[in-house]
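Right, one structure below, let's go through it.
Read-outs throughout are calculated quantities, based only on the coordinates presented, and are distinct from any laboratory measurement. It should be emphasised that the depicted structure is a prediction, and the values quoted were computed from it without experimental measurement. Cβ: placed from backbone, ideal geometry, glycine included. Neighbour counts: every protein chain shown.
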Amino acid sequence: MSNLNFGSDKKTQNPRHYWHSFPAKFPPDLPRLFIENLTSPGQVVLDPMAGSCTTLIEASMMNRLSYGFDIDPLSFIIGNAKLHNYDLSEVKTEGYKILTLSQFDFEFKREELTNDLNSRFDKETLLFLDYWWLKETQIELLSLIRQIEKVTDEKIRNFLKLVFSSIIITKSGGVTRSRDLAHTRPHRVEDKLPNSAFTEFGKKLIRILDNGYRNLPTKSILQIGNTKSLPLKDRSVDLIVTSPPYANNAIDYMRAHKFSLVWFGDHIDNLKNTRKQYIGAETLIQTGKTELPKYSQKIVRTLSELNPNKGKALHRYYCEMYDVIKEMHRVLRPQSACIIVVATSILNGLDVNTHQCLAEIGQSVGFDLVHIGERTIHRDSRMLPTSHLKNGSQIEARMHNEFIIGLWKESNQ
């Protein structure tokens, strides 16, 4: 493989990639490299764990058909918004209309908004809102989301939901009392004064629409779906480029995504149940009768001796990834590649060598292993960007590099 240590030069990349914060996404140059060299225009590219839809956007830009699936409800909302084309004048008009009407409601319908706030959320969700938002900000956000819900054009409504969510899930600013939401590590800051939701919404709307917007040439299809059972025909895909979740919930997407999803109608309790279904979740569930290959079994056994619960969670992760990789093998055409981008994890001091285990699992379901490449994650692109001071903390030590597993499907099996 060629040099994979891509930087973070946003000037060369489609602005859609940066419409909304998303943790641990790979740089657009990475899927672009494989799409450009391993497929031709009109062929089909798949990302079965689409996340921020980086692969789908890059495939569309190069006139490939693309399919994406994800179980995370916020990934689905922001992904669909990223993958559509818009009439900028219509979006601006609708956005300004929403701002005007929501500010009017905020000034003159406070009692109605307060009553609506208390009736639309259950007790647990209201406690969550009170912990992370000032009451004034809650009323601002409610007035905005009520107007967004009235937008009749589904494409524009989803785009405005993306704008709304993007002012909540931020690194340090935004409208909550938290920091590090973009890193899925929210912590409340008592003396933080959140920005006005109206101001932030207006600023983000203009920033997106005036920052080099350009249409995508080819349609992409994104669906909520179970990666272990894809609604695709056998041998129907020409290339897979994907990045699975980290083992044992090292990156907890729902920890941040629920901050937006509650405003879109989800209750905290329901989101907890959704989170349990994620690949990589620590919740222990029945994993079926999958027999892992020898090296993966050894890693699980070693971790189990150190920490039985983490060993069971890792076993779940590798069993689920076995099913996922087997399904990717099914839908891939012969003489085609599957690229898996993954970082390893350190659990109880043990490097569980995720890249080696997934490569071994790939071989066990019928893939040939071409190569495992390694790349340094650009400092500003890390899940938890390290400080310039090397302090030896756990956060400082994690996620400095990731691995690119190149698998090849040779036969018609």
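So what are the ³J(HN,Hα) numbers for the range 319-325, from phi and the Karplus equation (6.51, -1.76, 1.60; θ = phi - 60°), rounded to whole Hz, Gly and Pro as x?
For the range 319-325, the Karplus curve yields 5, 5, 5, 4, 5, 5, 5 Hz.
Quick one: net charge of Tyr295's neighbours, Cβ under 15 Å, K/R +1, D/E -1?
Numbers: positive: Lys294, Lys298, Arg301; negative: Glu291, Asp351, Glu360.
Counting the neighbours of Tyr295, the net charge comes to 0.
State which entries of Lys97/Lys123; Lys294/Lys326; Lys204/Lys276 exceed 21 angstrom in Cα-Cα distance in the structure shown.
Details: Lys97/Lys123 32 Å; Lys294/Lys326 17 Å; Lys204/Lys276 32 Å.
Beyond 21 Å: Lys97/Lys123; Lys204/Lys276.
Please give the contour-minus-distance gain from Arg188 to Asp116: 0.36 nm per residue of separation, less the Cα-Cα distance, rounded to one decimal in nm.
Numbers: separation 72, 0.36 × 72 = 25.92 nm, distance 2.55 nm.
Going from the current span to full extension adds 23.4 nm.
Give me the compactness ratio for the range 88-209, meaning the Cα radius of gyration over 2.2 N^0.38 Å. Working shown, then result.
Working: Rg = 14.3 Å, N = 122, 2.2 N^0.38 = 13.7 Å.
Relative to the rule-of-thumb radius for its length, the range 88-209 sits at 1.05.
So in the chain, what percent of DSSP beta bridges are antiparallel if you round to the nearest 5? Spell out each step's value before the answer.
On the way: 19 of 35 bridges.
Given both bridge residues lie in the chain, the antiparallel proportion sits at roughly 55 percent.
Using the count of nearby Cβ atoms within 10 Å as a rough guide to exposure, how do Asp180, Asp252, Asp210 rank from fewest to most? If you can, show how the numbers build up before the last one.
Numbers: Asp180 15, Asp252 18, Asp210 11.
Fewest to most other Cβ atoms nearby, the residues stand as Asp210, Asp180, Asp252.
Can you run phi through the Karplus equation (6.51, -1.76, 1.60; θ = phi - 60°) for the range 35-43 and list ³J(HN,Hα) in whole Hz, with x for Gly and Pro?
4, 5, 9, 10, 9, 10, x, x, 7
Among Met61, Met328, which comes first, second and so on when ranked by fewest other beta-carbon atoms within 10 Å?
Working: Met61 18, Met328 25.
Fewest-to-most ranking of Met61, Met328: Met61, Met328.
Dipole size in debye (nearest 20) for the range 88-209 around its Cα centre, Lys and Arg Cβ +1, Asp and Glu Cβ -1? Kindly include the intermediate steps, with their values, before the conclusion.
Working: 21 positive and 19 negative charges, 96 e Å.
In debye, rounded to 20, the range 88-209 gives about 460.
For Cα extents along the principal axes in Å, one of (i) 66, 49, 43; (ii) 83, 47, 42; (iii) 145, 59, 36 was computed from the structure I shared and the rest are decoys. Which label?
(i)
Tell me the mean residue ellipticity at 222 nm calculated for the chain from its helices only (DSSP H runs of n ≥ 4, each -39500 (n - 2.57), averaged over every residue, nearest 500).
Details: 15 runs with 181 residues, N = 413.
Helices in the chain give a 222 nm mean residue ellipticity of -13500 deg cm²/dmol.
Among Val44, Val189, Val237, which one shows the highest mean-square fluctuation when the chain is modelled as a Gaussian network with alpha-carbon springs under 10 Å?
Val189
Under the definition of Cα pairs under 8 Å and six or more residues apart, what whole-number percent is the relative contact order of the chain? Write out the running numbers ahead of the final one.
Values: 714 pairs, mean separation 77.8, N = 413.
Contact order relative to length: 19 percent.
Fewest to most neighbouring Cβ within 10 Å: what's the order for Glu190, Glu107? Spell out each step's value before the answer.
Working: Glu190 5, Glu107 9.
Ordered by Cβ neighbours within 10 Å, fewest first: Glu190, Glu107.
For the range 7-75, count the residues as N, evaluate 2.2 N^0.38 Å, and divide the Cα radius of gyration by that value, please. Present the calculation step by step, with values, prior to reporting the outcome.
Numbers: Rg = 11.7 Å, N = 69, 2.2 N^0.38 = 11.0 Å.
Rg over 2.2 N^0.38 Å, computed on Cα atoms: 1.07.
Using θ = phi - 60° and the Karplus form 6.51 cos²θ - 1.76 cosθ + 1.60, what ³J(HN,Hα) does each residue of the range 158-167 get, whole Hz, x for Gly and Pro?
Listing the rounded values in order: 5, 4, 5, 5, 4, 4, 4, 5, 5, 8 Hz.
Just grab the label-to-label distance for Lys298 and Thr100, each label 7 Å out from Cα along the Cβ direction, in nm (one decimal).
It works out to 6.9 nm between the two label points.
On a C-alpha basis, how far is the centre of the range 189-265 from the centre of the range 109-164 in Å? Whole number, if you could?
19 Å
Can you tally the net charge around Thr227? Count Lys and Arg as +1, Asp and Glu as -1, for every other residue whose Cβ sits under 15 Å from the Cβ of Thr227.
It works out to a net charge of -2.
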